[in-house]
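Since the structure comes first, as structure tokens, the remarks are kept for the end.
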Amino acid sequence: PFVIDAESHTLQYDWTLWFLHRPPGTRITDYEQATKAVKTFSTAQEFWELYSYLVRPSELPYTSEYHVFKRGVRPIWEDPTNINGGKWIFRLKKAYSSQAWEAILIALVGGGEGDFGGEPLGDEVVGAVISVRRGNDDIISVWNKSGSNGSVNLKIRDAIRRVIGLPQFVAVEYKIHSESMRE
């Protein structure tokens, strides 16, 4: 028989799932207000309970986003934790984006060595976003605190490639949040 372990598996960090949907043809004037916190979780069981009820990105309407960030970090550039940071951005075919998003989430919240856990990545990586867009691709980004730390940023890029099996020919772009705010 299958036995479920009732013991709680506490995560290294507490995480909050956020959601944003912008109906086609509308503009968001207050991004922070439009992005709603759904639930904060601190154990593996709470994560899987939440995840089991989520609509997969491939089934979300266009211009929807999931954000998973450490507790207390708002998923906006201007948050004090994010203000000096940046993000790795990559586009994936819709047929693969839900699977890649799941792999990123498991690596992010699970915090295992070789993923985004351990030092220095465990403290440095603050969240991830999947943006469901019209067309053939969705956008996934992994956010970190120190936009100017090139060696750590390259380790994050390499961890992303490893976690989702991203081939070398798939382009990834790093963007510092302060540059995004100026655009």
Filtering region 4-50 down to residues that are part of a loop (DSSP other than H, G, I, E, B) and of a type in the set (Gly, Ala, Ser), which residue is farthest from Arg74 (Cα to Cα)? Ala6
Quick check on my filter: what residues within region 77-104 are surrounded by fewer than 20 Cβ atoms within 10 Å (Cβ to Cβ), assigned to a helix (DSSP H, G or I) and not small (Gly, Ala, Ser)? Lys94, Tyr96, Gln99, Glu102
Given Thr10, Thr35, Thr63, which one is modelled with pLDDT of 90 or more and within 17 Å of Leu108 (Cα to Cα)? Thr10
Go through region 13-32 residue by residue and tally those that are at pLDDT below 90 and of a type in the set (S, T, N, Q). 2
Which residue, of Gly127, Gly72, Gly25, Gly110, is surrounded by fewer than 18 Cβ atoms within 10 Å (Cβ to Cβ), out of contact with any helix residue (DSSP H, G or I) (no Cβ under 6 Å at 6 or more places or on another chain) and closer than 27 Å to Ser148 by Cβ? Gly72
Selection within region 138-148 - surrounded by fewer than 16 Cβ atoms within 10 Å (Cβ to Cβ) and in contact with a Ser or Thr (Cβ under 8 Å, 6 or more places away or on another chain): Ile139
Inspect all residues belonging to region 113-134 and state whether any of them is modelled with pLDDT of 90 or more and in a helix (DSSP H, G or I). yes
All positions within region 56-76 that are touching a strand residue (DSSP E or B) at 6+ places or on another chain (Cβ under 9 Å) and part of a loop (DSSP other than H, G, I, E, B): Leu60, Pro61, Tyr62, Thr63, Arg71, Gly72, Val73, Arg74, Pro75
Any hit, region 164-183, residues being over 12 Å from Phe116 (Cα atoms), assigned to a helix (DSSP H, G or I), out of contact with any strand residue (DSSP E or B) (no Cβ under 9 Å at 6 or more places or on another chain) and at pLDDT below 90: yes
What pairs come out if I take residues in region 105-130 that are under 12 Å from Phe69 (Cα atoms) and pair them with residues that are surrounded by 23 or more Cβ atoms within 10 Å (Cβ to Cβ) and modelled with pLDDT under 85 whose C-beta lies under 7 Å away, six or more apart or interchain? Leu108/Phe116; Val125/Phe116
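Do the conditions hold for Ile140, that is, is it among the hydrophobic types (A, V, I, L, M, F, W, C) and either in a strand (DSSP E or B) or touching a Pro at 6+ places or on another chain (Cβ under 6 Å) (or both)?
Working: among the hydrophobic types (A, V, I, L, M, F, W, C): yes; either in a strand (DSSP E or B) or touching a Pro at 6+ places or on another chain (Cβ under 6 Å) (or both): yes.
Answer is yes for this residue.
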Pairs please, first residue from region 46-62 and over 25 Å from Lys93 (Cβ atoms), second anywhere and part of a helix (DSSP H, G or I), Cβ atoms under 6 Å, 6+ apart in sequence or on different chains. Phe47/Val109
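The values are calculated or read from the model by the stated rules, or taken from the named source; none is laboratory data. Nothing here was measured: the structure is a model prediction, and the numbers come from that model. All Cβ positions, glycine included, derive from the backbone under ideal geometry; neighbour counts span all protein chains shown.
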